[in-house]
Amino acid sequence: MHQHHASRSRSPCPSSSAAARPRTEDFPVDIVSDEEMALIDAALAAAAAGARPLLSAAARRAAVPLSRAACSATDGLAAGDIEDAPPRSRLARFRERRALAVTDITATEWCEKQMEFVLERGKPEKTAAMRVGSDRHAQLEQEVVERVDVAIRSAEELWAVKFMNFIVGTNQLLFEGITREIPVIGVVEGSWISGIIDEIQMATVGVSLQPMLVDTKTRSTRTVPSEAQKRNGR
């Protein structure tokens, strides 16, 4: 007998329309420049060709603790003391049975030591500002999708709900031009990575449609994010 877990699935909100959507000009918007997009495109092309991605020095440093290959405590050892075993990487210790999250990578790029504390000692309690940010993301999602409760009885059903949310979000993007909080998963350099995209809009460029990713950042003060925070978000 499996224990029932409450989860949520999503369906397009019947009342959502272009007229009902919030006006983006009411909020500060930071646009990624063509030069930055060219660097991102070059990195993707290099990865697709099997070459090393064109990462910044900061990104390369951030990737080292997470991308180091997992090793067994006894691999490559002759008969001897277990103390001679190489230490297991954090990737093997903390993400061996689950996918890496995009947040794992951005949090490591932001502060490796802070990420180490989170892995070793657990996440800190949510602050009032963090709760306000979570509530704001939920409000934005409810503007375009309607959530429904689903009883989860197994791991397979949990993944089924995630894939269904992805399918619903993709259809909404194609037919309505916008979706929010859409789950994604893929393989990057041999590692499974999962994440949730805040918002995707299907922008019209000439006679073609191109997806535009929107990353929502809430602030405790009426100021735009710092350059370091913008870099981390990009």
Please list, in order along region 127-140, the HN-Hα scalar couplings obtained from phi with the Karplus expression 6.51 cos²θ - 1.76 cosθ + 1.60 (θ = phi - 60°), rounded to whole Hz, x for Gly and Pro. 8, 4, 5, 5, 5, 5, x, 5, 5, 5, 4, 5, 5, 5
For region 184-191, take each phi angle, set θ = phi - 60°, evaluate the Karplus expression 6.51 cos²θ - 1.76 cosθ + 1.60, and give the result in whole Hz per residue in order, putting x for glycine and proline. 9, 8, x, 10, 10, 6, x, 10
With every protein chain left in place and a probe of 1.4 Å, what is the accessible surface of Arg136, to the nearest 10 Å²? 60
Two decimals is fine: what is log10 I(q)/I(0) at q = 0.18, 0.19, 0.22 Å⁻¹ for region 99-233, from a Debye sum with one equal scatterer on every Cα and no solvent? -1.38, -1.47, -1.54
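Go through Thr218, Thr103 and list them by solvent-accessible area, largest first, probe radius 1.4 Å.
Listed by decreasing accessible area, they come as Thr103, Thr218.
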Sites matching GluC sites (Glu not before Pro) across region 159-234 that sit in DSSP coil, with at most 11 neighbouring C-beta atoms within 10 Å: Glu189
Measure of exposure for Val150: accessible area at 1.4 Å probe, Å² rounded to 10, is 50
What figure in square angstrom, to the nearest 10, would you give for the accessible area of Trp159 with a 1.4 Å probe? 100
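The values are calculated or read from the model by the stated rules, or taken from the named source; none is laboratory data. Just so we're clear, the structure is a prediction, and the values are computed from it rather than from any experiment. Glycine also receives a Cβ, built like all others from the backbone with ideal geometry; neighbour counts cover every protein chain displayed. Ligands, DNA and RNA are excluded from the accessible area calculation, which covers all protein heavy atoms including side chains. Shrake-Rupley method; radii C 1.70, N 1.55, O 1.52, S 1.80 Å.
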